[in-house]
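Written out below as structure tokens is the structure these notes cover.
The values are calculated or read from the model by the stated rules, or taken from the named source; none is laboratory data. This one's a predicted model, so the numbers in the text were calculated from it and none came from an experiment. Using ideal geometry, Cβ is built from the backbone for each residue, glycine included, and neighbour counts are taken over all protein chains shown. Surface accessibility is based on the protein's heavy atoms, side chains included, excluding ligands, DNA and RNA. Shrake-Rupley method; radii C 1.70, N 1.55, O 1.52, S 1.80 Å.
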Amino acid sequence: MTRTIEIRNGDLSAEIVPSLGAGLARFDRGRTPLFRPWPDGGSTNPFDLACNLLLPWSNRISGGGFTFDNKFHELLPNVAGEPFPIHGNGFSSEWDVDSLMPDKARLSLVSEGPGPYRYRAEVAYALTGQALDLQLQVLNRAPIRLPFGLGIHPWFPRTALTTLHAPASQVCLELPSHLPDRFEDVGTCPNWDFATPAALPSGWINNAFAGWAGVASICWPEQNCGLRIEASPALSFYLVYSPSQVSDFVCFEPVSHVVDAHNRGSVDKWNGLSVLGPGESLVAGCSFAVM
């Protein structure tokens, strides 16, 4: 069995898996899963978890790597079946447990890669009242400045009546390769407009959204339950991923940058990467409060 550690506060509980990227196996209220729980008996696949931590970047990078400060940095594919490197390596690495209390835990990772990246990461989980608070930090240990990003990747249960409320101004269309095509006004894609609580689209969705204020909610009317999601300003984009209406999950991922941001030109508001010099840090946080 893969080792887990547990934190509790009242009727909220969460299980953390240090060996699988310090991700979550569960986040529950009583017997009700608030994140999609990992399989009975566990799993060695990080994407079977209830939540993944993404660093030192989120999503895919094309072109075999990226050029920064006039130097090309090679990055190799890291997931079977994926032609592009995806989600960095924090999600698949073993983290150290630095502290564990009944309602909170702190874990860390020192990484010598991938590619040019050398970093130290920390995550702090805390159950406070009726919420799970998560803070993620990455510090550049490389001798050069590099573009960094962070993401939080929870997998939520998807039911027939699940609704999402996540106002945004822009949605990024994707190419068949799952790389970005272009941003459009979200109003031109009514099935992907979550300005008011809306049902999830019946078909494939795997899209990034911009112009988001950092507040969203997901609700399960059948269970008279929902979560209010509040992300820090560093997480200024989100992605929604669910293959179809028969899927048992939907991912709502607060992230700091767009897909393939490393190859999308200058670092600006439509890019979102943070350039960190040696010893500099990027911090992001997110809370999931029961409604």
Scan the stretch 1-26 for residues that are surrounded by fewer than 16 Cβ atoms within 10 Å (Cβ to Cβ) and either within 16 Å of the chain's Cα centre (by Cα) or hydrophobic (A, V, I, L, M, F, W, C) (or both) and jot them down. MET1
Does VAL258 satisfy the criteria of being closer than 15 Å to PRO180 by Cα and of a type in the set (A, V, I, L, M, F, W, C)? yes
When you scan the stretch 89-148 for strands (runs of 3 or more DSSP E) that lie fully inside it, which ones turn up with 1 or more residues that are of a type in the set (D, E, K, R) and at pLDDT 95 or above? 96-101, 104-111, 119-128, 131-140
If you take the residues of the stretch 177-199 that are of a type in the set (Val, Ile, Thr) and in a helix (DSSP H, G or I), which of them is nearest to GLY63 (Cα to Cα)? VAL186
Can you report the number of residues in the stretch 38-76 which are under 23 Å from the mean Cα position of the chain (by Cα), acidic (Asp, Glu) and on the phi > 0 side of the Ramachandran plot? 0
So PRO85 ticks every box in (1) modelled with pLDDT of 95 or more; (2) within 17 Å of LEU146 (Cβ to Cβ); (3) open to solvent by 10 Å² or more (accessible area, probe 1.4 Å) but one. Which box is left unticked? (3)
Among the candidates ARG106, ARG29, residue that is touching a residue at least 60 places away in the same chain (Cβ under 8 Å) and surrounded by fewer than 19 Cβ atoms within 10 Å (Cβ to Cβ): ARG29
Do we find that PRO37 is in contact with a Lys or Arg (Cβ under 8 Å, 6 or more places away or on another chain) and in contact (Cβ under 8 Å) with a residue 60 or more places away in the chain in this structure? no
Of all residues in the stretch 166-183, count the ones that are more than 21 Å from VAL215 (Cα to Cα) and not polar (S, T, N, Q). 9
Scan the stretch 224-243 and give yes if some residue there is assigned to a loop (DSSP other than H, G, I, E, B), open to solvent by 60 Å² or more (accessible area, probe 1.4 Å), out of contact with any Gly (no Cβ under 8 Å at 6 or more places or on another chain) and on the phi > 0 side of the Ramachandran plot, otherwise no. yes
